[in-house]
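All remarks here apply to the structure that follows.
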Amino acid sequence: MADPTELMLADLSQRYADMNVSNAFLRLYVSDARFGRAFASLHERLNEHFESINDRAETTKHYWAENSRQMLALAREVNDFLHSLKHAGLEVHLARSYTAAMKSCQSWLVRSGGSTVPDDFEQIEIIKYAPVFSRPDTEIKLKKSAERNQLQLIGEGSYAKVFSFIDTDYGIKFALKRANKDLGERDLYRFRKEFEILKELSFPYIVQVFQFDENRNEYKMEFCESTLRNYIKRRNNQLPFSSRKRIALQFLYGINYIHSKDLLHRDVSLQNVLVKTFDGGAVLVKLSDFGLAKDRKSEYTRTRTEMRGTIRDPLLVSFKEYDVCNEIYAIGWVLSYIFTGREALMSQKNAPSQIVRKCTAHDVADRYQSVREIIGDVEKLEATPTITDAPA
């Protein structure tokens, strides 16, 4: 005989199976295979109403009749959903701020004629990048230290500053990237888009990001000790070719991965390749700074987007026309630095120089057509080739 509780849970889950829910909310609940879509649907619809109510509170102070009825129905749906789960023995919590916001709205929303937003209405804080539904039975609560983390400035650019700090909850050093306060709307959009792109990428040679703070316009990311430029510069006289080859391949694997995702980095440089070091001399190369990254499948590029990037292909006339061949030009410069430690293109006749020259050929038809081709040639390099370019 079928278990009535299990039948009820199956019906609850199935109710949301065909609902249209955006990936922005689905990704917040991927750990809950059964009810993640339901949580995401409720979260998304609550946000839509809360954002509209916030806006109307600042303008007309009137919330439309149909929207008022929908919000009241949604509040009832949320409460019924949570009650049903609790009845089945599953404890689910809705964030306190959202519980309070729903209760507050129910006190003044009416079903006909529209609703007047109270004069003492307080703006609802919208949660976009964290789940508002949680299941204590499937989660672990981490102890949060009362200590305030001290930030140390480790990098500064035109658009953002990068700090390091020790997370006392884990005893691990993280980096924090914070948009400059005077950033314009277009560059702030790029900053947020960078986080979203990196959040979707998962690969050993791409820097990891963890959490975006909408109020501060900053996000946490894994800490890397050095840029590629500084790492090689400090060790250039002692760095064996075998290490340079490994670094070059990790760098290429990272670029090849993002190209496989139909992304172009568009700002490959010695500063935007980071190095994570480990005991015993082991290193991991990490691609970072995806603020100019573009989906190759997209035809859209802002017409006012100016030419940017530290290493710029002289054959590139318009940033809108940027493609793999232009990325390969920048790759050639980075490979040249990896193999020589000099910020000038290799000019000798050895195998590494031939690879660099093919990357940076004056005729794009003579260049590599894909990063995979470059990887094949670098993998074939001998362990100890003769490199006559003098180190810096």
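Numbers for the structure displayed
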{"read-out": "Neighbours by Cβ (under 7 Å, 6+ apart or cross-chain): first from the range 334-348, at positive phi and hydrophobic (A, V, I, L, M, F, W, C); second at pLDDT 95 or above and crowded, with 17+ Cβ neighbours inside 10 Å", "value": "none"}
{"read-out": "Pick from the range 361-380, criterion surrounded by 11 or more Cβ atoms within 10 Å (Cβ to Cβ) and in a loop (DSSP other than H, G, I, E, B), ranking: farthest from the chain's Cα centre (by Cα)", "value": "Ala361"}
{"read-out": "Only one of Ala33, Ala2, Ala10 that is within 16 Å of Pro131 (Cα to Cα) and at pLDDT below 95", "value": "Ala33"}
{"read-out": "Matching residues, the range 246-302, being surrounded by 13 or more Cβ atoms within 10 Å (Cβ to Cβ) and small (Gly, Ala, Ser)", "value": "Ala248, Gly254, Ser269, Ser288, Gly291, Ala293"}
{"read-out": "Residues located in the range 114-138, provided they are assigned to a loop (DSSP other than H, G, I, E, B) and under 14 Å from Lys61 (Cβ atoms)", "value": "Gly114, Val117, Pro118, Asp119, Asp120, Phe121, Glu122, Gln123"}
{"read-out": "Matching entry among Leu82, Leu46, Leu72 (being among the aliphatic types (A, V, I, L, M), under 25 Å from Asp3 (Cβ atoms) and surrounded by 15 or more Cβ atoms within 10 Å (Cβ to Cβ))", "value": "Leu82"}
{"read-out": "Which numbered condition Val21 fails, given (1) within 27 Å of the chain's Cα centre (by Cα); (2) among the β-branched types (Val, Ile, Thr); (3) assigned to a helix (DSSP H, G or I)", "value": "(3)"}
{"read-out": "Residue match in the range 174-183 (condition: surrounded by fewer than 16 Cβ atoms within 10 Å (Cβ to Cβ) and over 19 Å from the mean Cα position of the chain (by Cα))", "value": "yes"}
{"read-out": "Some residue of the range 195-206 being acidic (Asp, Glu) and either not in a loop (DSSP other than H, G, I, E, B) or not assigned by TED's automatic domain parsing to the domain that holds Asn326 (or both)", "value": "yes"}
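Residue-wise test of (1) out of contact with any helix residue (DSSP H, G or I) (no Cβ under 9 Å at 6 or more places or on another chain); (2) in the same structural domain as Val110 (by TED's automatic domain parsing); (3) surrounded by 14 or more Cβ atoms within 10 Å (Cβ to Cβ).
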| residue | (1), (2), (3) |
| --- | --- |
| Asn20 | no, yes, no |
| Phe50 | no, yes, yes |
| Ile53 | no, yes, yes |
| Ala65 | yes, yes, yes |
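The values are calculated or read from the model by the stated rules, or taken from the named source; none is laboratory data. In this text the structure is predicted, and so the values were computed from the model without any measurement. In this analysis, Cβ positions are derived from the backbone assuming ideal geometry, glycine residues included, and neighbour counts consider all displayed protein chains.
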